[in-house]
Amino acid sequence: MEISVFTALMSALIGIIFGIIPGTFARFGLHFNAKIGLIFDVAKGAAACGSAYILGAGGFGMAVAGALAVFANNFSPFSRQHDVGISTALGVALAINPLVAAVWTLMWATGYGVIRRERIIGNLAGTLGTMALIWTTPTPLLQLTTIPPATEPTQIVALTLIVCFQIFIRLIPQARRYFRSIKPDEAEE
């Protein structure tokens, strides 16, 4: 499916607009439950992709909107916190290919439950595991689980790698703090 330059640019703009909307409005004096902020972040990732699809951008436009929604979420001028973008990425994955969200969740559960019961370990395992496993996912399975029609499996792989790389970059400072705080005798347990 061919899309025009205008449609591609509009998809990018949609992704950025949805991404910069903060999940919590603490900066504006409104405080929500953390679960509501999480649901809002998932919804804005899905809404960015859905809006691009409604615009007629197809799978490529949805991927552009999704990747830029995660990027804008991570570097939003309206957010005080240093967001990693996992919730927004989950919304993007659910809108484009729920298999990616399922793989990330399985990898997160493995990292959190099996390796060490720390959220940062789960986040790293989910992100790095998804980056590794998306390469080996059979093409027919990617095609079967992709929601928008005419989305090439290579677009799904590229989107997943771009989004996971963004998340990984944002996880590095947290991982450094965590690994520096571990005492040598704790690491052996």
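Of everything in the range 91-117 that is without any contact (Cβ under 8 Å) to a residue 12 or more places away in the chain and outside any helix (DSSP H, G or I), the residue that is nearest to Val42 (Cα to Cα) is Arg117. The residues of the range 148-157 that are out of contact with any Leu (no Cβ under 8 Å at 6 or more places or on another chain) and either β-branched (Val, Ile, Thr) or modelled with pLDDT of 90 or more (or both), listed by number, are Thr151, Thr154.
Restricting attention to the range 54-72 and to residues that are modelled with pLDDT under 90, of a type outside the set (A, V, I, L, M) and crowded, with 18+ Cβ neighbours inside 10 Å, the residue that is farthest from the chain's Cα centre (by Cα) turns out to be Gly58. Looking only at the range 125-147, decide whether some residue is modelled with pLDDT under 90, of a type outside the set (Lys, Arg) and either in contact with a Phe, Trp or Tyr (Cβ under 9 Å, 6 or more places away or on another chain) or closer than 19 Å to Ala43 by Cβ (or both). Checking the range 125-147: at least one residue is modelled with pLDDT under 90, of a type outside the set (Lys, Arg) and either in contact with a Phe, Trp or Tyr (Cβ under 9 Å, 6 or more places away or on another chain) or closer than 19 Å to Ala43 by Cβ (or both).
No other residue among Leu144, Leu94, Leu159 is exposed (fewer than 14 other Cβ atoms within 10 Å of the Cβ), closer than 22 Å to Gly56 by Cα and of a type in the set (A, V, I, L, M) apart from Leu144. Assess whether Ile120 counts as being assigned to a helix (DSSP H, G or I), under 22 Å from Cys49 (Cβ atoms) and either without any contact (Cβ under 8 Å) to a residue 24 or more places away in the chain or touching a Leu at 6+ places or on another chain (Cβ under 8 Å) (or both). In short, no. Taken together, the residues in the range 111-148 that are of a type outside the set (Val, Ile, Thr) and more than 22 Å from Gly66 (Cα to Cα) amount to 10. Taking residues in the range 64-75 that are touching a residue at least 60 places away in the same chain (Cβ under 8 Å), and partners anywhere that are among the aliphatic types (A, V, I, L, M) and outside any helix (DSSP H, G or I), the pairs with Cβ atoms closer than 8 Å and at least 6 places apart or on different chains are Asn74/Val84.
The values are calculated or read from the model by the stated rules, or taken from the named source; none is laboratory data. Nothing here was measured: the structure is a model prediction, and the numbers come from that model. Backbone-built Cβ (ideal geometry, glycine too); neighbour counts: all protein chains shown.
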